[in-house]
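Laboratory data are not the source of any read-out in this text; all were calculated from the coordinates shown. Because the structure is a prediction, the values reported are computed rather than measured. Counting neighbours? That spans all protein chains shown, and the Cβs are built from the backbone with ideal geometry, glycine included.
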Amino acid sequence: MIISEARLAANRANSARSKGPTSPEGKAISRRNAFKHGLTGQGIVRSETDAEIIQERVEALEADMKPISPAGSILIGQMATLSVRAERAVEHESAAIAYQVRHAADAFDEERLDQADDLFEKLSEDPRNTLRKLRKSPEGVDRLIEAWRDLRSDLAIDPTPEWSASHLERAANLLGLKSKHARSSRIGALSRAYWGDFAALGNDEGADLDDAFRRDWAKAMIFDFIDAEIAGLEAHCETLDFETIALDRAEAGARALFDSSKAATLARRYEAEARRSFFKALKEFRLVETESAILAEATAPPAPPAPTPPPVGSFRQTIAPREPEPSPDLPKVPSSLNSTRMDRINETSLSHPGLKSTR
């Protein structure tokens with residue numbers, strides 16, 4: 001696509017004026033524009049509330065586990081973040097399920113309408129099978145009736161009705177016919193007559209009328225044909241099993257208790273991954289702290305020897321023995337006197353057999 005010089009200059013001028021938010025509040029809001037739940041990645045994107053909770057949890061874990069190494073402190077920070085992330089995943093899934101349960105009935109109705117619309121869009125591709133599926137539900141039947149009424153409204157436009165080849169093809173598809181078979185059908189014969197081609201009509205179908213009146217007759221017959229199809233669809237709708245549909249609608253809340261959506265599946269995956277990572281970090285923390293304690297003990301200086309305790313003694317007081325007092329000086333006996341005294345003792349012993357000699 002070629003852009004003129006004037007347009008290019010205008011784009012440049014607009015780009016120069018548009019610099020995004022400039023205030024701190026505006027920048028903060030801009031940073032959170034793509035914020036959804038903060039569960040993915042490395043936890044860098046988190047709300048202010050989560051950041052405060054993580055910090056409180058870090059302090060609590062440090063007080064409880066008392067890390068002695070820098071690696072242990074880092075692992076405690078990881079455990080705090082992972083624990084909050086796992087809890088947020090659970091909260092996210094719980095809130096999503098609660099929302100689904102509250103709106104389960106409305107979602108049930110919307111889903112049935114969407115299914116009918118999707119089928120109707122494929123009507124021209126496979127008219128027969130698609131028509132059969134549409135006729136199985138009230139929503140599908142209503143969609144068919146609405147399409148017939150749109151055709152009738154176009155044909156009733158005054159003063160210039162609209163009924164072209166595309167209208168005929170749509171009518172043929174609503175009958176379960178492919179577009180290539182539209183002109184050979186009954187609605188095709190009436191449409192051709194309305195356009196002035198009466199070859200496909202029978203001799204008894206307005207043959208006595210001039211062309212203008214015969215075209216009007218064909219138009220009236222198209223109206224009757226459409227009205228008959230609408231009446232037939234309305235009668236068919238009354239035969240559908242509305243009790244089963246009502247029961248399915250009443251049980252929609254119970255089915256919504258398990259969220260099988262992509263977002264819920266990812267939330268459960270984030271929760272499981274956060275829990276696995278938490279216990280892995282806890283295991284690594286214990287290993288790191290144990291190794292740090294062993295290393296600290298091996299590199300610590302030897303402790304000084306303990307003082308020798310005093311010997312254990314008796315509780316009784318020990319009294320030193322008294323030294324004997326020196327005997328008083330006695331006068332020395334002459335040796336001759338001692339000898340005489342001993343002789344007398346011996347003589348006495350001989351005269352008395354019971355006495356022993358001292359010699």
Scan the range 211-248 for residues that are among the charged types (D, E, K, R), surrounded by 15 or more Cβ atoms within 10 Å (Cβ to Cβ) and either under 60 Å from the mean Cα position of the chain (by Cα) or part of a loop (DSSP other than H, G, I, E, B) (or both) and jot them down. Glu229
Assuming Ile74 fulfils every condition listed in (1) of a type in the set (A, V, I, L, M, F, W, C); (2) in contact (Cβ under 8 Å) with a residue 60 or more places away in the chain; (3) under 21 Å from Glu284 (Cβ atoms) apart from one, which condition is it? (2)
Looking for whichever is surrounded by fewer than 19 Cβ atoms within 10 Å (Cβ to Cβ), touching a Leu at 6+ places or on another chain (Cβ under 8 Å) and over 16 Å from Leu175 (Cβ atoms) here; the options are Glu162, Glu111. Which one fits? Glu162
Looking only at the range 126-182, which residues are touching a Phe, Trp or Tyr at 6+ places or on another chain (Cβ under 7 Å) and outside any helix (DSSP H, G or I)? Trp163
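Yes or no, residue by residue, for (1) surrounded by 17 or more Cβ atoms within 10 Å (Cβ to Cβ); (2) among the aromatic types (Phe, Trp, Tyr); (3) closer than 21 Å to Arg132 by Cβ:
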site: Leu168; (1), (2), (3): yes, no, no
site: Lys178; (1), (2), (3): no, no, yes
site: His181; (1), (2), (3): no, no, yes
site: Arg186; (1), (2), (3): no, no, yes
site: Tyr194; (1), (2), (3): yes, yes, no
site: Leu209; (1), (2), (3): no, no, no
Which one is farthest from Ala246 (Cα to Cα), of the residues in the range 58-109 that are part of a helix (DSSP H, G or I), out of contact with any Gly (no Cβ under 9 Å at 6 or more places or on another chain) and of a type in the set (Val, Ile, Thr)? Ile74
